[in-house]
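> Here it is, the structure in full.
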Number of protein chains: 2
Amino acid sequence: MNKKNKKGLIIVNTGDGKGKTTAALGTAFRALGYDYKVCMVQFIKGSWNYGELDAAKKFSDNFELIPMGEGFTWNTKDKERDTMVAQRTWELCKEKILSGKYKIVVLDEINIALRYNYLDVHDVMNFLKKKPQDLHVILTGRNAPPEIIEIADLVTEMKEIKHPFKSGVKAQKGIEY
Amino acid sequence: MNKKNKKGLIIVNTGDGKGKTTAALGTAFRALGYDYKVCMVQFIKGSWNYGELDAAKKFSDNFELIPMGEGFTWNTKDKERDTMVAQRTWELCKEKILSGKYKIVVLDEINIALRYNYLDVHDVMNFLKKKPQDLHVILTGRNAPPEIIEIADLVTEMKEIKHPFKSGVKAQKGIEY
């Protein structure tokens, strides 16, 4: 078999629309169906909620969900602290990526950390280029930097065509959070 | 509470990119975390695979997955038979939507059936406009007709920016199927 065909993918879900994290969650769900192990690391507090956490628990043997953004929301204006949290989260991601335990590692909302320069895009790019061959890595968040798109295999832009919040409908439990 | 705020949404995942069905699956996963009941009806054979089916079984109490496209792939050129299957599938969707059993009903790849005129878009539009108020309905598939976008609350276009198949990488188990 061609080596290229066995390559684990670098997948990016970006854009201003819904479905970036949700599609990653769907991919996780799909992989769990094959009894693959999946790890999702959350860079930002509040990007997931109890719905996902409860669902994840039902898959607890193979689905590891790590909310690292706890305690900070990117609104603190404390750049030093935010950078520290983002970098600590990235250190954990690297550990998970190198662990050999997972089929998929999701770096949820990492694009935001890159966007704010809390992480060095070249560090992330160079590390991901040398990731274990069989592992799929999914990066989510709007404004994926060009350097990340450059090294990615599969990039999807989720584009907002119509959004209910704009016409005054509130967020829906089980849909939006 | 404002009635408008309690409204179940009509959600459309369209576009040529990945993640339309996968995001619906992620939304299902999210809702199942809240112990909501979810039904997904599949209009096209092969749009889901064993991964999803196995994962779905683990949620069997609350997740109903109905593959209706079995035995036909939209390539038969037998328009009469395809129309019959699509319409039978739509009848089932209507039944599920009206049943009151679910929080979310996913009409997977229905946009394809509409695109080929196997279903009448005005029938679908008029029915969905009168759907039970609390129910969320998700329609997936590329080329969502303007009539469906018109009645939808939330429309996301999944746009392909970069795709590995184009550079010769084969579909990945647990990622693509």
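The values are calculated or read from the model by the stated rules, or taken from the named source; none is laboratory data. Since this is a predicted model, take the numbers as computed values, not measurements. Every residue, glycine as well, gets a Cβ built from its backbone with ideal geometry; the counts of neighbours run over all protein chains shown.
> Among the candidates B:86, B:144, which residue alone is in a helix (DSSP H, G or I), of a type in the set (Gly, Ala, Ser), over 21 Å from residue B:36 (Cβ atoms) and out of contact with any Gly (no Cβ under 7 Å at 6 or more places or on another chain)?
From the options B:86, B:144, the qualifying one is B:86.
> In the range A:92-140, which residue that is part of a helix (DSSP H, G or I) and under 22 Å from residue A:77 (Cα atoms) is nearest to the chain's Cα centre (by Cα)?
A:110
> Something else: Does the range B:65-84 include one or more residues that are farther than 17 Å from residue B:124 by Cβ, within 14 Å of chain A (Cβ to nearest Cβ) and modelled with pLDDT of 85 or more?
The answer is yes; a qualifying residue exists.
> For a quick check of your reading of the model, give me the residue pairs whose first member lies in the range B:102-123 and is touching a residue at least 24 places away in the same chain (Cβ under 8 Å), whose second is among the basic types (Lys, Arg) and in a loop (DSSP other than H, G, I, E, B), with beta-carbon atoms closer than 7 Å and at least 6 apart or on different chains.
Filtered contacts from the range B:102-123: B:102/B:37; B:103/B:37; B:111/B:142.
> Also, I was wondering about something else. Condition first: within 8 Å of chain B (Cβ to nearest Cβ), modelled with pLDDT of 75 or more and within 19 Å of residue A:18 (Cβ to Cβ). Now tell me which residues in the range A:141-177 satisfy that.
Correct list: A:154, A:155, A:156, A:157, A:158, A:159, A:160, A:161, A:162, A:163.
> Here's something else I'd like to know. Mind listing whichever residues of the range B:25-40 are facing chain A (nearest Cβ under 7 Å) and either aromatic (Phe, Trp, Tyr) or surrounded by fewer than 24 Cβ atoms within 10 Å (Cβ to Cβ) (or both)?
Selection gives B:29, B:33, B:34, B:36.
> Output the residues belonging to the range B:37-62 that are among the hydrophobic types (A, V, I, L, M, F, W, C), modelled with pLDDT of 90 or more and farther than 18 Å from residue B:19 by Cα.
Across the range B:37-62, the qualifying residues are B:38, B:39.
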